[in-house]
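*Asks:* Below is the structure I would like to discuss, written out as structure tokens.
Derivation of every value follows stated rules applied to the coordinates shown; laboratory data play no part. Keep in mind that what you see is a predicted model, and the values were worked out from it rather than measured. Quick reminder, even Gly has a Cβ in these numbers, built from the backbone with ideal geometry, and neighbours come from all protein chains shown.
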Ligand code: ADP
Ligand code: MG
């Protein structure tokens, strides 16, 4: 039993700027395990960015084209627990022998080995043996090797023998492609404007994007409603607001519109009336300060403006703060509201 989930394949792993190097290195390893210079292959990146999917895709591909090879996927947590168990039951030798038989060892989330010296010693032994025998080792971690605290130096230096590649937060195009792929595989239809809305709004990680999609589909069938923008906004609220701060784009826009006594819609409209332009610029300024939205995403939520407009707005507000005392006081007052809400 390889512990691989057959659902994780290269075929459904969307390629994008955010993962290009890691994906192509993974692909190379999957086709020539143990014989490329990418040994070990170390993939690192934040939570939900696709580390487990990618390394399992490597395992699945190797297993499919080389059924005789012993491919093993194991989380570091499980590795540690198995090792501790073997210590307790006096089976350390069996534990070691099992791992020494593996042809392709995929070990996920090695940051979990941190501080566990005995386990690291065992892993060091296994690593050396496998590597010397030309067996492939694939690892993931939530940070680059140099930032892995609590890991032995001799282990870290071996991690750097092969190739280290990172996964970044998915860029807009990749997010669009992931949604489209998901629609295709689940056989669901989502209108273009909703796909775009989701791709702009959920820009942290893929797992969250999938979560919003699942919630959206569930709500649509629960309420027997077609998927539309309104439903998407609801689904997003359920998922995002709990994890993000209370100060989201909606709240900023409402608060600023009220403060400047302009309508909420006017912030997103084309109008260039002076008081509205000012309110809009201030709202963009706070969106930049208090949310994690990209400039592109902020522009999108202000009536589809581009990111250079957002940069200009932020700059204009900063300049006014420096030169206009009354304006500065207004900004500080608003800032207090947001800060108290952000906690
Ligand atoms: P990590 O291990 O980095 O926390 P996962 O591999 O568990 O992340 O990925 C989280 C979810 O996002 C999974 O359901 C995975 O299939 C999906 N996912 C991540 N990256 C991609 C991608 N490039 N293409 C398609 N799905 C992806
Ligand atoms: Mg993972």
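*Asks:* So if the hydrodynamic radius of the stretch 172-243 is defined as the Kirkwood radius over C-alpha pairs, what does Stokes-Einstein give as its diffusion coefficient at 37 °C and 0.692 mPa s, in µm² per second?
*Replies:* Roughly 274 µm²/s, to the nearest whole number.
*Asks:* Note down the relative contact order for the stretch 249-342 as a percent, whole number, built from C-alpha pairs under 8 angstrom at least six residues apart.
*Replies:* 24
*Asks:* Using only Cα atoms and rounding to the nearest 10 degrees, what angle (0 to 90) does helix 325-342 make with the longest principal axis of the chain?
*Replies:* The two axes meet at around 40 degrees.
*Asks:* A further question on this structure: If you find the alpha carbon centre of the stretch 62-82 and of the stretch 12-29, how far apart are they in angstrom?
*Replies:* When both Cα centres are located, 20 Å separates them.
*Asks:* Sorting check: for 162-175, 116-129, which peptide has the highest mean count of neighbouring beta carbons within 10 Å, and how do the rest follow?
*Replies:* 162-175, 116-129
*Asks:* Which whole-number percentage describes the relative contact order of the chain, with Cα contacts under 8 Å and a sequence gap of 6 or more?
*Replies:* Value for the chain: 16 percent.
*Asks:* Ok, one more. Could you order peptides 135-144, 315-324 by the average number of other Cβ atoms within 10 Å of their residues, highest first?
*Replies:* Top of the packing list down: 135-144, 315-324.
*Asks:* Run the numbers for residue 168 and residue 189: contour at 0.36 nm per residue of separation, minus the present Cα-Cα distance, in nm.
*Replies:* That works out to 4.8 nm of additional length.
*Asks:* Still on this structure, please answer the following. FRET efficiency for residue 289 and residue 17, Cβ-Cβ distance as r, R0 = 30 Å, nearest 0.05?
*Replies:* Rounded to the nearest 0.05, the efficiency is 0.70.
*Asks:* I need the P(r) histogram for the chain: all alpha carbon pairs, bin width 10 Å from 0 out to the longest distance, whole percents.
*Replies:* 5, 21, 24, 19, 16, 10, 4, 0
*Asks:* Further, regarding this structure: Taking Cα atoms, how many degrees apart are the long axis of helix 229-243 and the longest axis of the chain, rounded to 10 and kept between 0 and 90?
*Replies:* Tilt relative to the chain: about 60 degrees.
*Asks:* Students often check this: by mean Cβ neighbours within 10 Å, which of 183-193, 1-11 ranks highest, and how do the rest follow?
*Replies:* The densest-packed peptide leads the list: 1-11, 183-193.
*Asks:* What do you get for the angle between helix 51-65 and the principal long axis of the chain? Use alpha-carbon atoms, 0 to 90 degrees, nearest ten.
*Replies:* Roughly 40 degrees, rounded to the nearest 10.
*Asks:* Using alpha carbon centroids, what distance separates the stretch 289-336 and the stretch 146-206, in Å?
*Replies:* Taking the Cα centre of the stretch 146-206 as reference, the centre of the stretch 289-336 is 29 Å away.
*Asks:* Shifting gears a bit: Report the antiparallel proportion of the DSSP beta bridges in the chain as a percent, rounded to a multiple of 5.
*Replies:* Of the beta bridges lying entirely in the chain, close to 0 percent run antiparallel.
*Asks:* Using only alpha carbons, build the gyration tensor for the stretch 20-166 and give me the equivalent ellipsoid semi-axes, biggest first, whole Å.
*Replies:* 22, 18, 13
*Asks:* Moving to a separate point now. Any idea what log10 I(q)/I(0) is at q = 0.18, 0.21 Å⁻¹ for the stretch 197-343, Debye with uniform C-alpha scatterers and no solvent?
*Replies:* -1.07, -1.33
*Asks:* Further, regarding this structure: Applying 1/(1 + (r/R0)^6) with R0 = 25 Å to the Cβ-Cβ distance of residue 228 and residue 269, what FRET efficiency is obtained, to the nearest 0.05?
*Replies:* Efficiency computed from Cβ-Cβ geometry: 0.75.
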